[in-house]
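**Student:** One structure coming up, written as structure tokens, with questions to follow.
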Amino acid sequence: MPLPEHMIAITFAVPGGPEVLELTEIPRPAPGPGEVLIRVAAAGVNRPDIQQRKGLYPPPAGASPILGLEAAGEIVAIGPDAATWRLGDRVTALCNGGGYAEYCAVPASQCLPWPIGFDAVKAAALPETFFTVWANLFQAGRLTPGERALIHGGASGIGTVAIQLGCAFGATIYATAGAPEKLAACLRLGAAAAIDYKTQDFVAEIARLTDRRGVDVILDMVGAPYLARDIRALAHDGRLVLIAFQAGSKVEQFDFLPVMTKRLTVTGSTMRPRSTAEKGAIAAELAEKVWPLLDAGRVAPVIFATFPFAEVEEAHRLMEEGRHIGKVVLTR
């Protein structure tokens with residue numbers, strides 16, 4: 001049966017609040033060289049989607065202007081040089097945009113199979129968080145068995161994955177969160193301690209928990225207000241990895257002396273602007289080292305809520321309110 005020439009996608013004409021999102025009929029994409037076309041069954045909602053909707057996170061050159069950085073579904077067309085997949089394969093994909101639609105063209109190397117026992121919702125909740133955590137906590141942060149790590153935003157989609165993977169690979173994980181139910185979720189996922197950032201000083205708590213040694217890695221999505229405190233909480237030869245700036249990116253004054261005296265590494269990254277080759281290399285490592293854990297049920301995405309595509313406005317409002325624990329997913 002031939003594919004339709006048009007499809008329904010979630011679009012917005014002007015930047016703004018969730019109310020600007022609407023269902024629109026647009027031309028269906030075709031897979032280019034090295035790409036596959038996915039009939040989307042579910043798509044994850046992520047903070048970059050919120051920022052793009054507001055006009056604060058424009059897509060890179062050549063990327064789809066449609067929202068959606070991760071999707072799961074069935075391959076219905078294969079472009080040239082994408083023969084690693086077959087028609088009918090069920091995959092989850094790190095998209096370069098375009099996940100909020102009936103069909104999405106994705107580089108074949110950025111696709112991974114649904115783990116054993118997964119449905120579309122669970123599969124769609126994987127790529128953005130697992131790619132991000134692997135690239136930052138393990139590649140840039142170089143977390144190794146026996147080390148200690150602090151995960152800020154432990155109840156977020158990224159935080160819930162970072163806690164589980166850190167524990168699965170033999171590290172001791174601490175996490176910050178700001179509500180009793182979120183702190184409890186961090187502990188259930190394996191965190192050795194959950195720190196309430198609203199009522200506790202995480203620097204003092206880390207000092208107490210580690211006999212004043214500090215942690216080896218910090219994964220920070222908060223930004224500027226935490227920078228000096230992160231440095232204090234790190235052990236000698238520690239690594240600070242910045243992945244977002246939810247509370248700002250600029251610090252007026254900062255003393256770099258501890259960075260030198262403690263031999264610290266401060267680094268950061270974004271995922272979307274990376275090349276297809278870079279994303280494909282991360283996917284290959286995930287397939288080898290992490291997908292077996294998903295297949296065995298040792299780690300799993302935490303799904304907080306699902307919404308039909310037609311209720312995307314409500315999904316975005318929930319994400320912006322920050323009440324969720326884990327992932328928010330759209331379904332078709």
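**Student:** How much net charge surrounds PRO115 when only other residues with a Cβ under 10 Å from its Cβ are counted (Lys, Arg +1; Asp, Glu -1)?
**Tutor:** Once positives and negatives cancel, what remains is 0.
**Student:** Continuing with the same structure: Cα to Cα, under 18 Å, and not fewer than 8 places away if on the same chain: which lysines meet these conditions relative to LYS182?
**Tutor:** Cross-link targets: LYS198, LYS327.
**Student:** Relative contact order for the chain: what is it in percent, counting Cα pairs under 8 Å that are at least 6 residues apart?
**Tutor:** The value is 18 percent.
**Student:** Which whole-number percent is the relative contact order of the stretch 130-268 (Cα, under 8 Å, 6+ apart)?
**Tutor:** For the stretch 130-268, the relative contact order is 21 percent.
**Student:** With N set to the residue count of the stretch 1-113, report its C-alpha Rg divided by 2.2 N^0.38 Å to two decimal places.
**Tutor:** This ratio for the stretch 1-113 stands at 1.03.
**Student:** Below 8 Å, C-alpha to C-alpha, sequence gap of six or more: please give me the relative contact order for the stretch 238-332 in percent.
**Tutor:** 23
**Student:** For the stretch 146-184 and the stretch 309-332, what is the separation of their C-alpha centers, rounded to whole Å?
**Tutor:** Taking the Cα centre of the stretch 309-332 as reference, the centre of the stretch 146-184 is 22 Å away.
**Student:** Determine the dipole magnitude for the stretch 207-332: charges of +1 sit on the beta-carbon of Lys and Arg, -1 on that of Asp and Glu, nothing else is charged, the reference point is the Cα centre, and the result goes in debye to the nearest 20.
**Tutor:** 340
**Student:** Another question, then. Taking loop as defined by DSSP and a crowding limit of 10 other beta carbons within 10 Å, which trypsin sites (Lys or Arg not before Pro) in the stretch 49-132 fit?
**Tutor:** ARG86
**Student:** Scan around ALA235 for amide H atoms under 5 Å from its own, H built in the peptide plane at 1.01 Å from N, and keep only partners 5 or more places away or cross-chain.
**Tutor:** VAL215, ASP216
**Student:** So which GluC sites (Glu not before Pro) in the stretch 249-332 are both in a DSSP loop and have at most 11 other Cβ atoms within 10 Å of their Cβ?
**Tutor:** Passing sites in the stretch 249-332 are GLU252.
**Student:** Less than 12 Å Cβ to Cβ from GLY73, Lys/Arg counted +1 and Asp/Glu -1: what total charge do the surrounding residues give?
**Tutor:** -2
**Student:** Right, something else. Kindly write out, for the stretch 158-174 in residue order, the coupling ³J(HN,Hα) from the Karplus curve 6.51 cos²θ - 1.76 cosθ + 1.60 (θ = phi - 60°), rounded to whole Hz, with x marking Gly and Pro.
**Tutor:** Taking θ as phi minus 60°, the curve returns 5, x, 5, 6, 4, 4, 5, 5, x, 5, 4, 9, x, 9, 9, 10, 10 Hz for the stretch 158-174.
**Student:** Would you list which lysines come within 16 Å of LYS289, measuring only between C-alpha atoms, while excluding same-chain residues fewer than 8 positions from it?
**Tutor:** Partners within reach: LYS279.
**Student:** Can I ask one more? Just to check I understand the Karplus step: with θ = phi - 60° and J = 6.51 cos²θ - 1.76 cosθ + 1.60, what whole-Hz values come out for the stretch 251-258, glycine and proline as x?
**Tutor:** Each residue of the stretch 251-258 in turn: 10, 5, 9, 8, 8, 7, 4, x Hz.
**Student:** I would also like to ask the following. In whole Å, how far is the Cα centre of the stretch 217-261 from that of the stretch 1-61?
**Tutor:** 34
**Student:** Taking a cut-off of 12 Å between Cα atoms, list the aspartates and glutamates near LYS54, but don't count ones fewer than 8 places away on the same chain.
**Tutor:** GLU19, GLU320
**Student:** Still on this structure, I have one more. Please name which of GLY98, THR172, LEU286 has its Cα lying farthest along the dipole of the chain towards the positive end, using unit charges on Cβ (Lys, Arg +1; Asp, Glu -1) and the Cα centre as origin.
**Tutor:** Towards the positive end, the residue furthest out is THR172.
**Student:** Moving on to the next point. Starting from the Cα gyration tensor of the stretch 130-268, take the square roots of the eigenvalues, sort them a ≥ b ≥ c, and report rounded, prolate or oblate (rounded when a/c is under 1.5, otherwise prolate if a/b is larger than b/c, else oblate).
**Tutor:** rounded
**Student:** Given 20 Å bins starting at zero, what is the percent of C-alpha pairs of the chain in each, up to the one with the largest pair distance?
**Tutor:** The distribution over the chain is 32, 56, 11, 0, given as percents.
**Student:** With charges set only on the Cβ (+1 for Lys and Arg, -1 for Asp and Glu), what does the dipole of the chain come to about its Cα centre, in debye to the nearest 20?
**Tutor:** 840
**Student:** Another one. Show me the trypsin sites (Lys or Arg not before Pro) within the stretch 195-234 that DSSP assigns to loop and that have at most 14 other Cβ atoms within 10 Å of their Cβ.
**Tutor:** Sites meeting the loop and neighbour criteria: LYS198, ARG212, ARG213.
**Student:** Less than 13 Å Cβ to Cβ from THR270, Lys/Arg counted +1 and Asp/Glu -1: what total charge do the surrounding residues give?
**Tutor:** Around THR270, the surrounding residues sum to +2.
Every number in this text was worked out from the coordinates using simple rules, so none of it is lab data. This is a predicted model, so every value here is computed, not measured. Cβ atoms come from the backbone with ideal geometry, glycine included; neighbour counts cover every protein chain shown.
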